[in-house]
């Protein structure tokens with residue numbers, strides 16, 4: 001199995017996580033009121049940093065078949081609207097990933113503390129995904145220096161259904177980073193994300209960033225004018 005396990009120090013993701021947090025929370029550190037809120041937010045960060053541990057698993061696999069919006073990896077079908085324009089012979093391989101921040105949450109029962117803890121957790125795993133993508137680019141260039149890495153596809157993005165998490169976990173083993181899937185389809189620990197990057201020969205067929213949050217149906221990419229711009 002082509003698995004790569006990585007532990008990421010919190011300090012390595014903090015600059016990007018801080019940027020994500022400030023944007024999500026709408027805080028401006030130049031504002032006197034926001035300064036006080038920021039000091040409190042930093043205290044929550046320090047709490048969850050002391051409890052969490054950022055781990056990532058990368059699994060490389062080559063797709064064996066493609067049919068429209070469906071790609072098949074070792075017999076498992078992964079469906080995504082954005083795959084419609086990507087031909088199988090243009091794909092070098094796929095890098096599935098799981099990232100988790102572990103038990104990165106506050107024990108405070110105060111609503112504002114829980115809100116800050118939730119935003120920090122999301123910001124941390126999003127920042128960790130940036131680091132993982134950089135790592136994958138380096139790994140992929142070792143295989144083919146001319147390859148191009150896509151942005152991340154995954155449940156909830158580019159028209160991929162949330163239920164695909166269970167299918168992704170048939171390809172990549174979540175137990176290697178202590179992640180599970182509950183009966184409702186939610187990952188545990190809560191601050192965990194999964195998806196895949198595609199390594200392609202021609203990056204012009206990749207969907208634009210504006211399509212990342214597409215929530216269209218199964219025929220979305222067939223009629224969306226953004227594909228033709």
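The values are calculated or read from the model by the stated rules, or taken from the named source; none is laboratory data. Computed from a prediction, not measured in an experiment: that's the story for all the values here. Glycine also receives a Cβ, built like all others from the backbone with ideal geometry; neighbour counts cover every protein chain displayed.
Structure summary
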read-out	value
Tally of residues being touching a helix residue (DSSP H, G or I) at 6+ places or on another chain (Cβ under 8 Å), outside any strand (DSSP E or B) and either crowded, with 20+ Cβ neighbours inside 10 Å or without any contact (Cβ under 8 Å) to a residue 12 or more places away in the chain (or both) across the stretch 93-113	4
Residue tally, condition in contact with a helix residue (DSSP H, G or I) (Cβ under 6 Å, 6 or more places away or on another chain) and assigned to a loop (DSSP other than H, G, I, E, B), over the stretch 133-155	2
Given (1) at pLDDT 95 or above; (2) touching a strand residue (DSSP E or B) at 6+ places or on another chain (Cβ under 7 Å); (3) under 29 Å from residue 11 (Cα atoms), number of the condition residue 127 does not satisfy	(2)
Some residue of the stretch 181-192 being buried (at least 16 other Cβ atoms within 10 Å of the Cβ) and closer than 18 Å to residue 60 by Cα	no
Some residue of the stretch 190-204 being part of a loop (DSSP other than H, G, I, E, B) and modelled with pLDDT of 95 or more	yes
Odd one out for residue 183, checked against (1) part of a loop (DSSP other than H, G, I, E, B); (2) out of contact with any helix residue (DSSP H, G or I) (no Cβ under 8 Å at 6 or more places or on another chain); (3) within 21 Å of residue 50 (Cα to Cα)	(3)
Residue in the stretch 35-57 that is farther than 27 Å from residue 109 by Cα and surrounded by 13 or more Cβ atoms within 10 Å (Cβ to Cβ) present	yes
Number of positions in the stretch 3-34 that are surrounded by 12 or more Cβ atoms within 10 Å (Cβ to Cβ), in contact with a strand residue (DSSP E or B) (Cβ under 7 Å, 6 or more places away or on another chain) and more than 20 Å from residue 50 (Cβ to Cβ)	3
